[in-house]
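Contents: one structure, followed by commentary.
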Amino acid sequence: MTAAVTDSQALWYLTRGSGLVALVLLTVSMVLGIAQLERWSGPTGQRFVVTHLHRNASLLAVVFLGVHVASSVVDGFAPIRWLDAVVPWRSAYRPVWLGLGALALDLVVALVLTSLLRVRIPHRAWRLVHWSAYLCWPLAFVHGLGTGTDGRVGWVQLVDAVCLAAMVLALAWRIGAGWQRNPSARTAATAAAAAVLLAIVAWAYAGPLQAGWARRAGTPSSLLTGATAASADGATTGTTGTTGTVPR
Ligand code: HEM
């Protein structure tokens, strides 16, 4: 029994740690991807390095995502199945927020596969898929806050804030230098980015950063059973912020 609980604890730490590392790597990959765009990348040598770092950060993110998904399914504490990791919104556990993670994962897989096969597919198709990176990142970020346990832990908030700030700066750079001859497209991109940013910050303050999020996030009531008032916060205690079949 003790060994089972310890194993479960280890898997739970693995899920949380690998999720955070994957988010950081996705952020690094996004920033490098934006930086490698030709007009900002300087001499060919530098561009080569940035391109390789971008590629390696993306591949490493996939490895950590594999660990993240496998540990959360194998853990067994929360009812998450393999299919839930790829088919959005079918999970019994925090369905909306886990579903966003599944969608982000699908996009990451599509981005990486089309990039590995880049020379074999039309450039337009590759580019179209690559644009979905701008959707993938906010989905992953919101998933992390909505599903995760640690959104109210100080250093995790710092990591989240740094990732968000890095994305905002990179996007501002991208929008500032892009669409030179199309000011209306630039205005639309700025407005869309600002609206998404404000929506994420407002949602985070009203939702995951408040007490009682575990219940509101859609944690199955069986896992909430026996929760103390304090742990029902769901932010700094167990997976669900509660006691359940496996005490955490
Ligand atoms: C691009 C894809 C994804 C990224 C970047 C990502 C990242 C994250 C992050 C940052 C957290 C918060 C960890 C914490 O609070 O300490 C998290 C939580 C979680 N993620 Fe993901 N995730 C992704 C996809 C998925 C998928 C497809 C699944 C489905 C199996 C999943 C399952 C979970 C679970 C169960 C948690 C809660 C862990 C806990 O108890 O705190 N994630 N994820």
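The values are calculated or read from the model by the stated rules, or taken from the named source; none is laboratory data. The structure displayed is predicted, hence computed values, not measured ones. Every residue, glycine as well, gets a Cβ built from its backbone with ideal geometry; the counts of neighbours run over all protein chains shown.
Some observations on this one:
- Some residue of segment 70-84 being among the hydroxyl-bearing types (S, T, Y) and exposed (fewer than 14 other Cβ atoms within 10 Å of the Cβ): no
- Only one of the listed residues (P88, P79) is at pLDDT 95 or above and not in a helix (DSSP H, G or I). That residue is P88.
- Residues located in segment 111-150, provided they are of a type in the set (S, T, N, Q) and under 18 Å from L26 (Cα atoms): T114, S115, S132, T147
- Test: residue in segment 117-124 that is within 12 Å of the ligand (Cβ to nearest atom), under 30 Å from S71 (Cβ atoms) and surrounded by fewer than 16 Cβ atoms within 10 Å (Cβ to Cβ): no
- Search result, residues across segment 210-248 that are modelled with pLDDT of 90 or more, in contact with a helix residue (DSSP H, G or I) (Cβ under 8 Å, 6 or more places away or on another chain), buried (at least 16 other Cβ atoms within 10 Å of the Cβ) and in a loop (DSSP other than H, G, I, E, B): A217, G218
- Matching option when the condition is within 15 Å of the chain's Cα centre (by Cα), crowded, with 16+ Cβ neighbours inside 10 Å and within 9 Å of the ligand (Cβ to nearest atom), among A102, A57: A102
- Answer residue from segment 141-152, given it is more than 14 Å from P95 (Cα to Cα) and out of contact with any Lys or Arg (no Cβ under 7 Å at 6 or more places or on another chain) and is nearest to the ligand (Cβ to nearest atom) among those: G151
- Verdict on V67 being within 9 Å of the ligand (Cβ to nearest atom) and surrounded by fewer than 21 Cβ atoms within 10 Å (Cβ to Cβ): no
- Residue match in segment 131-139 (condition: assigned to a helix (DSSP H, G or I) and under 19 Å from R16 (Cβ atoms)): yes
- Lone unmet requirement of (1) under 14 Å from the mean Cα position of the chain (by Cα); (2) surrounded by fewer than 11 Cβ atoms within 10 Å (Cβ to Cβ) for L158: (1)
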